[in-house]
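The next block holds one structure in the form of structure tokens; read it before the comments.
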Amino acid sequence: MRLAFAFLLCALAAGAQTLDGHWAGEATGSGKGGVREFSFTLDLRVQGGALTGQVTPAGRKKASGLAIQEGKLDGSRFSFTTVQKGKKGDATFYWQGKIVGDQITGNRMRDGARRGQSFIARRSPAL
């Protein structure tokens, strides 16, 4: 009986998942110009149920990170917002997803948009 209990505890510990770390991701979605894809990195930190960090779009000359706001983690599900500043004003994006092992999947939607972009990210070593 003790052996079975110890095995169960080890299995639970091995299956524990965390969003902490560096993630490399890609998002895809359709829009006026057809299918749109972009790459990004996520640097995430979790403390309690709060999720913080930043999202950095890849491939830009001046790639500055977008701060994660209103970040929450509930079990394997997470959500947060980012605000992107542009010439036509600020754009708020709502992110939500789920972590499974070393992969996260989810959806990113711009405030006021009809459709979002699905994304997938994989854990990568910190730079």
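A count restricted to region 84-127 and to residues that are on the phi < 0 side of the Ramachandran plot, free of Cβ contacts under 8 Å to residues at least 40 places away in the same chain and more than 11 Å from the chain's Cα centre (by Cα) stands at 15. Taking region 70-127 as the region of interest, the strands (runs of 3 or more DSSP E) fully inside it that hold 2 or more residues being closer than 18 Å to Gly48 by Cα are 77-86, 89-100. Just so you know, in region 15-47 the residues that are outside any strand (DSSP E or B) and within 16 Å of the chain's Cα centre (by Cα) include one that is modelled with the lowest pLDDT, and it is Gln17. Ser64 meets each of the listed conditions (1) under 11 Å from the mean Cα position of the chain (by Cα); (2) within 15 Å of Asp43 (Cα to Cα); (3) loosely packed, with under 15 Cβ neighbours inside 10 Å apart from (1).
The values are calculated or read from the model by the stated rules, or taken from the named source; none is laboratory data. These figures come from a predicted structure and were not determined experimentally. Cβ: placed from backbone, ideal geometry, glycine included. Neighbour counts: every protein chain shown.
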